[in-house]
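Okay, structure first, notes after.
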C-alpha cells in the first residue's frame with residue numbers, strides 16, 4: 001500500500017518537473033509582466049527613464065478627464081455592438097444553411113472556415129485595397145453617393161467599414177460552434193413538430209433556438225471580448241482615423257505608449273481595459289459552467 | 001524507466017544550455033558591434049552596407065553588423081527602456097525624444113571627437129543638446145518638398161515655380177490640360193501631419209513658435225493671421241488635388257504619381273527611393289513648397305537619422321564605435337552614402353550631383369530652413385494636431401480648424 005503511494009508521488013513529481021520550465025516561463029513572461037504593468041500605471045514612467053516616481057491615482061484621474069479616452073471608450077463599445085450583431089446574425093444564418101446541406105457538407109464548411117486561418121493584418125490590407133480601388137468603381141457605376149469614394153475616408157462610414165472587415169473574418173469560428181450546437185438537437189423534435197403542423201419559422205423559434213441558446217451565449221461573450229480587444233483591423237485599415245473616428249482603446253494605448261512616450265498613462269488605460277475584459281470573461285466562465293451542469 | 005528518461009532529459013538540457021552560453025568567447029574573433037539603423041528605405045540601407053563592408057575589410061579586428069527592423073523607432077525605445085542599448089544606433093537628434101535619452105544618460109557625448117569637425121556647421125549646431133554637448137554624428141538632411149514629373153512639366157511648358165503665384169498658375173495650366181496637378185495622401189494622420197508641418201514652415205514664418213506659445217498658454221491660434229494664411233493656401237492646394245486624398249495611403253499615392261496620374265505630389269525625402277523603385281524610368285525633380293516670395297520661403301528640413309553611440313557600452317566597444325563613426329565621417333565614404341541615399345549630406349566636401357533635387361539643396365544650403373516641430377514641441381501635442389488638420393482636409397473650414405487647434409492644444413498640453 002505504502003509502496004504504491006510512494007510510486008504515485010514520485011510519478012507526480014516527474015510530471016511536475018516536466019511542467020516546471022513552462023511554469024517558470026509563464027510566470028516570468030506573463031504573471032510578472034502583468035503585475036509590473038499594473039505597478040507602472042501608478043507611476044510617472046515615460047518608457048525610457050531609469051528613475052520614476054509613484055504618483056498614486058494621478059494617471060487614472062488624468063485619464064478620466066481626457067475627452068479622447070472617453071471617445072475611444074465610446075468607439076470601442078460601438079465597435080463591439082456592431083461586431084456582435086454582425087457576427088452572431090451572420091454566423092447563425094450561415095450555420096443553419098450549412099447544416100441543412102445534403103452534399104459537400106465538409107467541403108463547404110471548410111471553405112467558410114478559411115478566413116479564420118488568415119492573419120488579421122493580411123485581411124485588413126486586402127480589404128484596404130478593395131475599399132480604395134474596387135468599391136468606389138461599383139459605387140460610381142451604380143450612382144450610389146456614399147459608395148463613390150472609399151468608405152474609410154469619412155468619419156461616418158469608417159467605423160462600420162472596419163467592423164465589416166472584422167466580421168468577415170470573425171464569423172468563421174462561431175459558425176463552427178453553432179454547427180456543433182445544431183447537431184446536438186435530436187431529429188425527433190423536428191419530426192414531431194412537423195407532424196403537429198409547425199411552420200419552418202415556428203420550428204426555428206420553438207425547437208432550434210431553445211436548444212441553441214447556451215451556444216449563443218458562448219459566442220456572444222467571445223465576440224464581445226474580441227470587439228473590446230480589437231486592434232489589428234482598425235490599426236491596419238485606418239490607423240484610428242479619420243479624425244479619431246476609429247480610434248478604439250487598443251490604438252489609444254499603443255499611441256500613448258509608443259508615439260507619445262507616456263507609458264504609465266498607457267498602462268493605466270490598459271488596466272481599465274483589463275478590468276472590462278475580465279468582467280466579461282468571468283461572466284462567460286459562470287455561464288459556461290452553468291451550461292455544463294445542466 | 002520514466003525516471004531514467006527524465007534524468008537524461010534534464011542533463012541534456014543542462015548540457016546544451018552551457019554549450020550555448022559558454023561558446024561565445026573565442027580568442028582572435030573580431031569584436032562584433034551592432035549598428036541599429038532606423039532607415040527602412042533601400043537607398044540608405046545600401047549606402048551603409050557598402051561602407052560597412054569596406055570598413056570590416058580594412059579593420060579585421062572589428063565586425064560591424066547592421067540591424068534594421070520594421071517600426072525601428074518603437075523597437076529602439078523599448079530596447080533602450082529594457083537596458084539593451086545597441087552599441088551604435090541611428091536616431092533623430094533634434095527631436096524631444098532624443099533629448100530624453102540624453103538626459104537619462106543613454107547616449108555617449110561625442111563633443112571631443114575629432115570626426116565632428118568634418119560636419120558642416122549649420123547641421124552640427126542643430127544637434128546641440130541642452131547641456132551644450134554633441135551626442136550624434138549628423139549624416140544627412142531630410143526635407144519635405146514638392147515632387148514633380150519632369151516630363152509633364154516639359155510637355156506643358158511649365159518652369160519650376162518659385163513663388164505661390166507661379167505655383168497656382170502651374171496648377172491651373174495642368175488642370176486645363178486635364179491632368180490632376182497634385183496628388184495628396186491623407187489616410188494616415190501622420191502623413192497629413194508632414195504636409196501640415198511643411199505648410200506651416202513655408203507659409204507661416206513664425207508658425208511653429210506660435211504653437212509653442214499656445215502650448216505655454218500665451219497665445220491662441222484663432223485670429224492668428226499667419227495660420228489663417230496657412231489654411232487658406234492649404235484649401236487652395238486641396239482644390240488642385242485628387243478627390244480621394246483622404247482615402248489614399250502614402251504608397252498608393254506614390255504609385256499613382258509614379259504612373260503619371262498626378263503631375264506633383266508633396267512628401268518627404270524618405271519617399272524618393274520608393275517612387276523611383278515603382279517606376280525607374282520616371283524623371284522626377286523636387287522643389288521647396290513656395291511662399292509668396294522666394295526670399296521669405298523656408299523649407300522644412302531636419303537632421304535625418306544621425307549616428308550615436310551607447311553611453312553604456314564597454315570602453316572597448318566605444319573605441320571600436322568611434323573608429324567606425326570617424327570612418328563614416330570621411331568625405332569619401334560620406335560621398336558613397338550620399339550617392340545611394342540621394343539626400344543632402346552633412347559632411348563637408350560631399351557633392352550632390354542629382355540635378356533633380358538642386359532647388360531643394362540650394363535652399364537648404366542657403367540656410368532657409370526650419371526644423372521639424374518635434375524639435376521644440378511635445379509629440380503628444382503635434383500628433384493630435386495631425387488629427388485636427390486631417391479633419392480640415394474633409395471640411396475645409398478655415399475658421400473651424402483654427403478653433404479646433406486651440407481646443408486640441410488645450411487638451412494635450414494639460415496632460
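Here are some notes:
- Of B:190, B:249, B:314, the residue with the greatest mean-square motion in the GNM of chain B, using alpha carbon springs below 10 Å, is B:314.
- Shape analysis of the protein assembly as shown places it in the oblate category; the axes a ≥ b ≥ c from the Cα gyration tensor give an a/c of at least 1.5, with a/b not above b/c.
- Axis of helix B:225-239 versus longest Cα principal axis of chain B: the two differ by about 90°, to the nearest ten degrees.
- Build a GNM of chain A with springs between Cα atoms under 10 Å apart, and of A:93, A:249, A:179 the one that fluctuates most is A:93.
- Taking 0.36 nm per residue of separation and subtracting the current Cα-Cα distance, fully stretching the chain between residue A:90 and residue A:103 would add 2.5 nm.
- Approximate shape of segment A:170-294 as ellipsoid semi-axes (Cα gyration tensor, √5λ), whole Å, largest first: 42, 17, 9
- Taking the Cα atoms of segment A:59-293, the ratio Rg/Rh between the radius of gyration and the Kirkwood radius comes to 1.04.
- Label-point separation in nm, residue B:63 to residue B:109, each point 7 Å along Cα→Cβ: 3.5 nm
- Peptide-level mean, for B:375-382, of C-beta atoms on other protein chains within 10 Å: 2
- Spacing of the two label points (7 Å from each Cα toward its C-beta) at residue B:348 and residue B:259, in nm: 4.9 nm
- Other protein chain Cβ atoms within 10 Å, averaged over every residue that makes up B:88-97: 1
- Once the Cα atoms are used to define both axes, helix B:164-176 deviates from the longest principal axis of chain B by about 80 degrees.
- Peptide B:183-190 - average C-beta neighbours from other chains (10 Å radius): 4
- Three-way shape label, chain B, alpha-carbon gyration tensor, a/c 1.5: prolate
- If both residues of a DSSP beta bridge must be in chain B, then about 60% of such bridges are antiparallel.
- Extending 7 Å from the Cα toward the beta-carbon at both residue A:13 and residue B:226 defines two label points whose distance is 7.7 nm.
- Between the helical axis of B:331-341 and the longest alpha-carbon principal axis of chain B there is an angle of about 60 degrees.
- The value of relative contact order for chain A, using C-alpha pairs under 8 Å at least six residues apart, is 28 percent.
- Alpha-carbon gyration tensor eigenvalues x 5, square-rooted, for segment B:303-415, Å: 38, 23, 10
- Antiparallel bridges, percent of DSSP beta bridges restricted to the protein assembly as shown (to nearest 5): 60 percent
- Highest-fluctuation residue, B:381, B:146, B:75 considered, GNM on chain B with Cα pairs under 10 Å: B:75
- Computed helical MRE - 222 nm, the protein assembly as shown, DSSP H runs ≥ 4 contributing -39500 (n - 2.57), nearest 500: -18000 deg cm²/dmol
- Take the Cβ atoms of residue A:53 and residue A:77, set R0 to 41 Å, and the FRET efficiency comes out at 0.75.
- When peptides B:287-298, A:191-202 are ranked by their average number of other Cβ atoms within 10 Å per residue, the highest-first order is B:287-298, A:191-202.
- Three-way shape label, segment A:1-59, alpha-carbon gyration tensor, a/c 1.5: prolate
Any read-out appearing in this document is the output of simple, stated calculations on the displayed coordinates, not a laboratory observation. Model, not experiment: these values are computed from the prediction. Cβ atoms come from the backbone with ideal geometry, glycine included; neighbour counts cover every protein chain shown.
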